[in-house]
Structures are given as structure tokens and as C-alpha cells.
Amino acid sequence: VQLQASGGGLVQAGGSLRLSCSASGGTFNNYWLGWFRRAPGKEREFVAAISASGARTYYADSVKGRFTISRDNAKNTVYLQIDNLKPEDTAVYYCAASYGPRWPPATPNEYDYWGQGTQVTVSS
């Protein structure tokens, strides 16, 4: 499975972005999909995940209420809507796919495929 993330950019605090991650080379609706991020000088951090059908989602406490994960299985794409951006959201955002992570689906080692990342920079 190949994953391609896009949609990052430079935005002001309070703004919004929608990240996309397109998949190819596999059966998209067989996978859980997740978003992770790595801020400068910090370890990779879980952000959000969505089940294969889209019926279940899970978020890091730090992003609840501002981030929304969704997927369109017909387009082989997962999205991350980020609202009310904060400077601390500055990071490289990565999408990842898993055959079936243990609950909660927040552990990087549970994910089998990774995209290349897209940079989000939030100015204050």
C-alpha cells in the first residue's frame, strides 16, 4: 500500500486546513487509517484514527474538538480537518494504514504502511 499525504501549508493561528491522504496498491476499505505528527524536537505523536468502515474514530485528547478524521472509501482517501489551528500544531503530519490495530489504535507499531508526511506550520 502506498500512501500520499497532501494539504499542508503555512496558516495563521485560528485558521483551518484539510489534509488528505490518498492510497493505492491495496484494498483501501480493509484498513484502519491513522494520522500522526512529529513536531520539531519531539517524538512522533498519535493524532486520530478511523476504522475501515468509517464507523469508529479515535482522537488524541489534545486534538479533540478541533480535529476531525473522515474517509471516502470510493476515493481511497482519508482526510484530517483541522480547525482553530494553534502554533503547537506545527508539525509534519503523516498518514498510516493498519490491518487492524489493537485498541486504542494509537500505537505507531500497530501501523503497517506510512506516507511521506506533509508539513503544517502555524504562525501566531
Exercise. Run the quick spin-label model on GLN119 and ARG102: label points 7 Å from Cα toward the beta carbon, then report their separation in nm to one decimal.
Key: 3.7 nm
Quiz prompt | Stretch gain in nm, segment ALA74-ASN29, where the contour uses 0.36 nm per residue and the Cα spacing is subtracted | solution = 15.3 nm
Quiz item: Using the heavy atoms of the protein chains alone and a 1.4 angstrom probe, what is the accessible area of the chain per residue in square angstrom?
Solution: 50 Å²
Practice problem: May I ask you to list the lysines whose Cα is less than 27 Å away from that of LYS86, ignoring any residue fewer than eight positions away on the same chain? | Solution: LYS42, LYS64
Quiz item: When the Karplus curve 6.51 cos²θ - 1.76 cosθ + 1.60 is applied with θ = phi - 60°, which whole-Hz ³J(HN,Hα) does each residue of region 72-78 get, with x for Gly and Pro?
Solution: 10, 5, 5, 9, 6, 9, 10
Exercise. Could you list the chymotrypsin sites (Phe, Trp or Tyr not before Pro) in region 47-114 that lie in coil according to DSSP, counting only those with at most 14 other Cβ atoms within 10 Å of their Cβ?
Key: TYR99
Quiz prompt | Percent accessible area from carbon and sulfur atoms, the chain, protein chains only, probe 1.4 Å | solution = 44 percent
Quiz item: Can you list the equivalent-ellipsoid semi-axes of the chain, largest first and in whole Å, using the square root of 5 times each Cα gyration tensor eigenvalue?
Solution: 22, 14, 13
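The values are calculated or read from the model by the stated rules, or taken from the named source; none is laboratory data. Keep in mind it's a predicted model, so treat the numbers as computed, not measured. Glycine also receives a Cβ, built like all others from the backbone with ideal geometry; neighbour counts cover every protein chain displayed. Side chains are part of the model used for accessible areas, which takes the heavy atoms of the whole protein and leaves out ligands, DNA and RNA. Shrake-Rupley method; radii C 1.70, N 1.55, O 1.52, S 1.80 Å.
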